[in-house]
1. Does Cys86 satisfy being at pLDDT 95 or above, surrounded by 11 or more Cβ atoms within 10 Å (Cβ to Cβ) and in contact with a Cys (Cβ under 9 Å, 6 or more places away or on another chain)?
2. Being among the charged types (D, E, K, R) and in contact (Cβ under 8 Å) with a residue 40 or more places away in the chain is true for just one of Glu22, Glu32, Glu44. Which residue is that?
3. Filter the stretch 8-40 for residues that are polar (S, T, N, Q) and closer than 22 Å to Leu55 by Cα; which is nearest to the chain's Cα centre (by Cα)?
4. Out of (1) in a helix (DSSP H, G or I); (2) acidic (Asp, Glu); (3) at pLDDT 90 or above; (4) more than 10 Å from the chain's Cα centre (by Cα), what's the single condition that is false for Glu47?
5. Could you run through the stretch 16-28 and say how many residues are part of a helix (DSSP H, G or I) and surrounded by 11 or more Cβ atoms within 10 Å (Cβ to Cβ)?
6. I need a count of the residues in the stretch 1-23 that are of a type in the set (Gly, Ala, Ser) and over 19 Å from Glu70 (Cα atoms).
7. Quick one: count up the residues across the stretch 29-41 that are surrounded by 16 or more Cβ atoms within 10 Å (Cβ to Cβ) and not charged (D, E, K, R).
8. Determine whether Glu70 is part of a helix (DSSP H, G or I), surrounded by 10 or more Cβ atoms within 10 Å (Cβ to Cβ) and at pLDDT 95 or above.
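The values are calculated or read from the model by the stated rules, or taken from the named source; none is laboratory data. All figures in this text were calculated on a predicted structure; none of them were measured in a lab. Note that we place each Cβ from the backbone using ideal geometry, even for glycine, and neighbour counts take in every protein chain shown.
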Amino acid sequence: MENNTDSLLGVLAPILEAASPEESPLLLASLERMAARKQEACAEQTEDPYGKAGLLDCAARETAIAAQLEALALGEEANSNFHGTC
């Protein structure tokens, strides 16, 4: 049985493979920002304060990762203050 991750990878793999090395960081940054928006939307729907805080923390990390990828794509020095996992 295929899980959601396998299904998502099946959709994204050809897109990522077709992207040039210059486009890849911006494409990944867009995906990170989409994930952040989804987590923020989920946080708005939960009444659990711990769940909400966790989702918002993850969204913030996704946004930080996107900013670093964008900086990489633009040849700027990425902010090294990002340390975390979601």
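1. When the stated conditions are applied, Cys86 does not pass them.
2. Glu22
3. Among those residues, the one meeting the criterion is Ser30.
4. (1)
5. Here the count works out to 6.
6. Summing the residues that are of a type in the set (Gly, Ala, Ser) and over 19 Å from Glu70 (Cα atoms) in the stretch 1-23 gives 3.
7. Going through the stretch 29-41, the residues surrounded by 16 or more Cβ atoms within 10 Å (Cβ to Cβ) turn out to be 29, 31-33, 35-36, 39-40.
If we keep only those that are not charged (D, E, K, R) as well, we get 29, 31, 35-36, 39.
Number of matching residues: 5.
8. On the way: part of a helix (DSSP H, G or I): yes; surrounded by 10 or more Cβ atoms within 10 Å (Cβ to Cβ): yes; at pLDDT 95 or above: no.
The answer is no for Glu70.
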